[in-house]
1. Within the bounds of the range 42-55, is there any residue that is in a helix (DSSP H, G or I), modelled with pLDDT of 95 or more and out of contact with any strand residue (DSSP E or B) (no Cβ under 8 Å at 6 or more places or on another chain)?
2. Specify which of the listed residues (ALA302, ALA285, ALA317, ALA279) is under 22 Å from PHE29 (Cβ atoms) and not acidic (Asp, Glu).
3. For the range 206-213, state whether one or more residues are over 12 Å from the mean Cα position of the chain (by Cα) and in a loop (DSSP other than H, G, I, E, B).
4. Name the residue, out of GLU411, GLU390, that is in contact (Cβ under 8 Å) with a residue 24 or more places away in the chain, part of a helix (DSSP H, G or I) and not assigned by TED's automatic domain parsing to the domain that holds TYR81.
5. I need the full set of residues from the range 1-19 which are open to solvent by less than 70 Å² (accessible area, probe 1.4 Å) and either in a helix (DSSP H, G or I) or closer than 15 Å to GLY68 by Cα (or both), in order please.
6. Would you say GLY234 is outside the structural domain of HIS127 (by TED's automatic domain parsing), in contact with a strand residue (DSSP E or B) (Cβ under 9 Å, 6 or more places away or on another chain) and of a type outside the set (Lys, Arg)?
7. Taking the condition under 30 Å from HIS263 (Cα atoms), open to solvent by less than 10 Å² (accessible area, probe 1.4 Å) and more than 13 Å from the ligand (Cβ to nearest atom), does VAL222 pass?
8. If you take the residues in the range 355-371 that are over 25 Å from PHE260 (Cα atoms) and under 20 Å from the mean Cα position of the chain (by Cα), which one is least open to solvent (accessible area, probe 1.4 Å)?
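The values are calculated or read from the model by the stated rules, or taken from the named source; none is laboratory data. Please read all numbers here as calculations on a predicted model, not as lab measurements. A quick note on method: Cβ atoms are made from the backbone with ideal geometry, for glycine too, and the neighbour counts reach across all protein chains shown. Ligands, DNA and RNA are stripped out before the accessible areas are found, and what is left, the full protein with its side chains, is counted by its heavy atoms. Shrake-Rupley method; radii C 1.70, N 1.55, O 1.52, S 1.80 Å.
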Amino acid sequence: MDLSALKTELDGLKIEDNPALVQQKSRDFYWYSPVLKRQLDHVTGDMIVSPKSEAEVIRVLAACHRHGVPVTPRGTGTGNYGQAMPLSGGVVLNLADMNRIVSISRGRVVCEAGAVVADIDKASREHSGQELRLHPSTASTASIGGFIAGGSGGVGSINWGGLRDFGNVIRLRVVTMEAEPRVLELTGEDLHKVTHAYGTNGIITEVEMPLTAAYDWVDVIVGFDDFAAAARYGNALACQDGILTKEIAPISAPVPHLYFKRHQKFLREGQSVCVVMVAEQSLDAFLAFTRRIGGDVVFNGATIADRKGLPPAYELAWNHTTLRALRVDPSITYLQVLYPFPNQLELANRMDRMFPGELFSHLEFVRFDGNITCFGLPLVKFTTEERLDEIMRLHEENGCPIFNAHRYTLEEGGMKQTDDIQLAFKREADPQGLLNPGKMIAWENPDYDYKSGRTFLFKGLQQAR
Ligand SMILES: Cc1cc2nc3c(=O)[nH]c(=O)nc-3n(C[C@H](O)[C@H](O)[C@H](O)COP(=O)(O)OP(=O)(O)OC[C@H]3O[C@@H](n4cnc5c(N)ncnc54)[C@H](O)[C@@H]3O)c2cc1C
């Protein structure tokens, strides 16, 4: 890698090569996982380049291609599997300055990839009472490009499913990593080439997302004596077609009282809860439904006069649950699980009972292929990597697929098999394999045996310096 020649060639662009600052921007939330923390703690890029336009992205990619320098794209670095970490060094391509909202119309927003999700929602609401269909719980900091390339779903998935479902992304503009980078417009089936591909096969520069009607969402927390009751309630609420919700997350005791510090005064020790976002016009119906089931409304955002210092309900949910627990107890880590329809409740309860004192359940209800089911982000008291693997194996043996949050590759974190569409597109868009190296096993080692039970070790992972 001739980095000084590259730097000369990129003269005029915003470049940072102060090692401390480069290391800062070479990290994401990989430390959520004790396994990734051990493997990736030393990883750092060689320089940060922050383009301000698509033309500058093209300039960077062409120059890096010429000099054989790896490029790892970065939104705001909130991914939690080391997705945005430059395993072989090189350029960290920081897209945060490409944050323009280009246009808003009925049902659509077009913006640059670095636009922050909450800013898109705010602009859409002000423009025409609209909002994004779904957003990660990191909406206030995450970029839309990072969400599409690294995320999967979140707040709103109870109505709209996940990011990879047809219709939840309309169009992406993507720049390829070639001697003469091309700009491609992807729609329909082609979107699957780059959604949740960690930027391994193209840099997203512009996105077009569907919008839906924005409502005043009311945060509510409903308390229960045990987790099974909270889970049953969450499932029943999710099936109420007439009550418009945006978030339904049952969370087991002792998590809420122990870790939701800002809300602690509303919660009882030993109480399991369901965290809900409900549309203001559905609130009366929601309260009547909750009374009928026997849930105890311990927090109602519509009647709390002083909300100062209280985070929005969605910042208690998704991966924020783990973050809040980690702030109190650094030995906590987590799993990502699917409890498949139609047995989601039976499976979630079975797994909840299997690891007393070691695993604390956290469900996220979603609409998945037209059915209501739930994902789980249970918290785990970490002891050893072997035990963590065993807990995941027991989930899989019980019919609950694991999306391994302790691996940095696409395949191990996903369906444990080659994604032929993404691989074929990488051959076309990044023939030298310079984009975010080490994240796609199918590219690095086509003969890799996913059933071997061993962790994939990327040969190009830089050594601790
Ligand atoms: C507390 C917490 C809560 C979270 N909640 C959720 C949640 O509810 N739902 C969810 O899906 N995820 C969640 N995540 C994970 C993460 O926040 C989301 O994936 C987020 O949207 C990532 O956005 P980002 O801008 O930080 O992306 P980054 O972390 O910067 O990047 C994510 C991936 O996308 C690639 N990338 C970034 N920009 C581009 C681009 N323009 N072109 C190509 N590739 C690109 C990066 O290389 C990386 O592989 C959470 C994480 C944390 C720490």
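1. The first filter runs over the range 42-55 and keeps only residues in a helix (DSSP H, G or I), leaving 54-55.
Next cut, modelled with pLDDT of 95 or more only: 54-55.
Now drop any that are not out of contact with any strand residue (DSSP E or B) (no Cβ under 8 Å at 6 or more places or on another chain), which leaves 55.
Yes, the range 42-55 contains a residue that is in a helix (DSSP H, G or I), modelled with pLDDT of 95 or more and out of contact with any strand residue (DSSP E or B) (no Cβ under 8 Å at 6 or more places or on another chain).
2. Details: ALA302 fails: under 22 Å from PHE29 (Cβ atoms); ALA285 fails: under 22 Å from PHE29 (Cβ atoms); ALA279 fails: under 22 Å from PHE29 (Cβ atoms).
Exactly one of ALA302, ALA285, ALA317, ALA279 is under 22 Å from PHE29 (Cβ atoms) and not acidic (Asp, Glu), namely ALA317.
3. First, pick out the residues of the range 206-213 that are over 12 Å from the mean Cα position of the chain (by Cα): 206-213.
Now drop any that are not in a loop (DSSP other than H, G, I, E, B), which leaves none.
No, the range 206-213 contains no residue that is over 12 Å from the mean Cα position of the chain (by Cα) and in a loop (DSSP other than H, G, I, E, B).
4. Numbers: GLU390 fails: in contact (Cβ under 8 Å) with a residue 24 or more places away in the chain.
Just one listed residue meets the conditions, GLU411.
5. Hits for the range 1-19 are LEU3, ALA5, LEU6, GLU9, LEU10.
6. Working: outside the structural domain of HIS127 (by TED's automatic domain parsing): yes; in contact with a strand residue (DSSP E or B) (Cβ under 9 Å, 6 or more places away or on another chain): yes; of a type outside the set (Lys, Arg): yes.
When the stated conditions are applied, GLY234 passes them.
7. Details: under 30 Å from HIS263 (Cα atoms): yes; open to solvent by less than 10 Å² (accessible area, probe 1.4 Å): yes; more than 13 Å from the ligand (Cβ to nearest atom): yes.
Yes, satisfied.
8. Step one: filter the range 355-371 for residues over 25 Å from PHE260 (Cα atoms), giving 367-371.
Then drop every residue that is not under 20 Å from the mean Cα position of the chain (by Cα), which leaves 367-369.
Values: ARG367: 101, PHE368: 77, ASP369: 127 Å².
Ranking the qualifying residues of the range 355-371, first place goes to PHE368.
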